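Visitor: Dropping the structure in here first, questions after.
Please treat every number below as a calculation from the coordinates, not as lab data. Note that the coordinates shown come from a computational prediction; the quantities given were computed from them, not determined experimentally. Note that each Cβ is placed from the backbone with ideal geometry, even for glycine, and that neighbours are counted across all protein chains shown.
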Amino acid sequence: MKILVVEDDRELSRAIKRLLEFNKYEVDVAFDGLEALDKVYYNEYDALILDYMMPKMDGITTLKTLRANDNNIPVLMLTAKASIDDKVEGLDAGADDYLTKPFQIKELLARVRALLRRKGEVISSIEFGDFTLDPNTAEVISKDKRVNLTNKEYQLLELFIRNKNVLLSTEKIMNTIWDFDSQAEINVVWQFISNIRKKLKLIGSNYTIQAVRGIGYRLGKNDDKEA
């Protein structure tokens, strides 16, 4: 899945890019509408996250130009303009969805997934051991049982799957999962690991997140001894 992020706030655009890349999307960035149109002309994208207020060409003009050229790429408008009239203007210009700043990471990811589902794309599930992680429903599934995961739980469990047989330190987990939330404290890692353990047990999986004293955590079988 390839997404173009069009945002003139360079710090925010970098944060969104890192977030999407961590969630296994391929991401390009543009900082104004003219650059966005150029990238869309030469590349094929599955979705577009488009800022409202930008230099050179604003988001509404950019969107109208895309639609006037019969480009039906799914578009999420991202802006601080929160009035009903502003939202109506964006939707009437051809936006598929609208998200106001400041926004929650969980909501941004959910809206991106919704855009891609509307496009008819299905994100592949991730299989590990005796369970499956479904990114389309944010569920973990095993033995015909399934349970919903919060956004952070999903990201954390996927991190362990992608790093099987690798010990992940608390600091590594914090920097990867909570880098965008400066208010998070390090003990939040233990709480989310505890939540995931309970949910894996609930679906009858033989896997859990093991603690290796003084080093970190890894995904392993219940019958493996923890250090």
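Visitor: Under a cut-off of 30 Å between alpha-carbon atoms, report the lysines in cross-link reach of residue 56, not counting same-chain residues fewer than 8 places apart.
Guide: Qualifying lysines at Cα under 30 Å: 2, 17, 39, 64, 81, 87, 101, 119.
Visitor: Same structure, new question: Positive end of the charge dipole of region 43-169 (Lys, Arg +1 and Asp, Glu -1 on Cβ, about the Cα centre): tell me which of 74, 124, 157 has its Cα farthest that way.
Guide: 157
Visitor: Suppose the chain between residue 88 and residue 170 were pulled fully straight at 0.36 nm per residue; how much longer would it get relative to their current alpha carbon spacing?
Guide: Full extension of this stretch gives 25.1 nm more.
Visitor: Further question: Roughly how many debye, to the nearest 20, is the charge dipole of region 1-145 about its Cα centre, given +1 on each Lys and Arg Cβ, -1 on each Asp and Glu Cβ, and no other charges?
Guide: Result for region 1-145 is approximately 240 debye, rounded to the nearest 20.
Visitor: Sequence-distant or interchain residues sharing an amide H contact under 5 Å with residue 147, placed H: which?
Guide: For residue 147, the qualifying residues are 140.
Visitor: When the Cα centres of region 138-176 and region 1-61 are compared, how far apart do they sit, in Å?
Guide: 27 Å
Visitor: Among [x] 51, 42, 34; [y] 55, 36, 33; [z] 61, 35, 34, only one was calculated for this model; which label is it, if the read-out is Cα extents along the principal axes in Å?
Guide: So the calculated entry is the one marked [z].
Visitor: With unit charges on the beta carbon (Lys/Arg positive, Asp/Glu negative), name the residue among 20, 88, 50 whose Cα is farthest towards the positive pole of the charge dipole of region 1-122.
Guide: 20
Visitor: With θ set to phi - 60°, apply the Karplus curve 6.51 cos²θ - 1.76 cosθ + 1.60 along region 8-19 and write out the HN-Hα couplings as whole Hz, x wherever there is a Gly or Pro.
Guide: Per residue, the Karplus-derived 3J(HN,Hα) values read 7, 6, 5, 5, 5, 5, 5, 5, 5, 4, 5, 4 Hz.
Visitor: Could you tell me whether region 1-128 comes out rounded, prolate or oblate from its Cα gyration tensor? Rule is a ≥ b ≥ c as square roots of the eigenvalues, rounded for a/c under 1.5, then prolate if a/b exceeds b/c, otherwise oblate.
Guide: Taking the square roots of the gyration eigenvalues as a ≥ b ≥ c, region 1-128 is rounded.
Visitor: Could you identify which residue out of 67, 111, 213 has the top mean-square fluctuation in a GNM of the chain using Cα springs shorter than 10 Å?
Guide: Taking springs between Cα atoms under 10 Å, the residue moving most is 213.
Visitor: Work out how much length residue 198 to residue 67 would gain on full extension: take 0.36 nm times their residue separation and subtract the Cα-Cα distance, in nm to one decimal.
Guide: Full extension from residue 198 to residue 67 adds 42.4 nm.
Visitor: Which whole-angstrom value gives the distance between the alpha carbon centres of region 201-217 and region 71-106?
Guide: 40 Å
Visitor: Within region 9-118, list the chymotrypsin sites (Phe, Trp or Tyr not before Pro) lying in a DSSP loop whose Cβ has at most 15 other Cβ atoms in a 10 Å radius.
Guide: For chymotrypsin sites (Phe, Trp or Tyr not before Pro) across region 9-118 that sit outside H, G, I, E and B with at most 15 neighbouring Cβ atoms in 10 Å, the list reads 103.
Visitor: Still on this structure, I have one more. Counting helices only, and only those DSSP H runs with n ≥ 4, report the 222 nm mean residue ellipticity of the chain as the sum of -39,500 (n - 2.57) divided by its residues, in deg cm²/dmol to the nearest 500.
Guide: -12500 deg cm²/dmol
Visitor: Also: Residue 198: which lysines have alpha carbons under 25 Å from its alpha carbon, excluding same-chain residues fewer than 8 sequence positions away?
Guide: Leaving aside lysines fewer than 8 places away in the same chain, those within reach of residue 198 are 106, 143, 145, 152, 164, 172, 221, 225.
Visitor: Using 0.36 nm per residue of separation minus the Cα-Cα distance, give me the extension gain between residue 11 and residue 117 in nm, one decimal.
Guide: Extending this stretch completely gives an extra 35.3 nm.
Visitor: Kindly state, to the nearest 0.05, the FRET efficiency for residue 223 paired with residue 110, given R0 = 45 Å and r defined as their beta-carbon distance.
Guide: 0.80
Visitor: Explain nothing, just compute: Karplus ³J(HN,Hα) = 6.51 cos²θ - 1.76 cosθ + 1.60, θ = phi - 60°, for every residue of region 21-28 in order, whole Hz, x for Gly and Pro.
Guide: Result, ordered by residue: 5, 4, 8, 6, 9, 8, 10, 10 Hz.
Visitor: Give me the angle, in degrees from 0 to 90, between the Cα long axis of helix 84-93 and the longest principal axis of the Cα atoms of the chain, rounded to the nearest 10.
Guide: Helix 84-93 sits roughly 80 degrees off the main axis of the chain.
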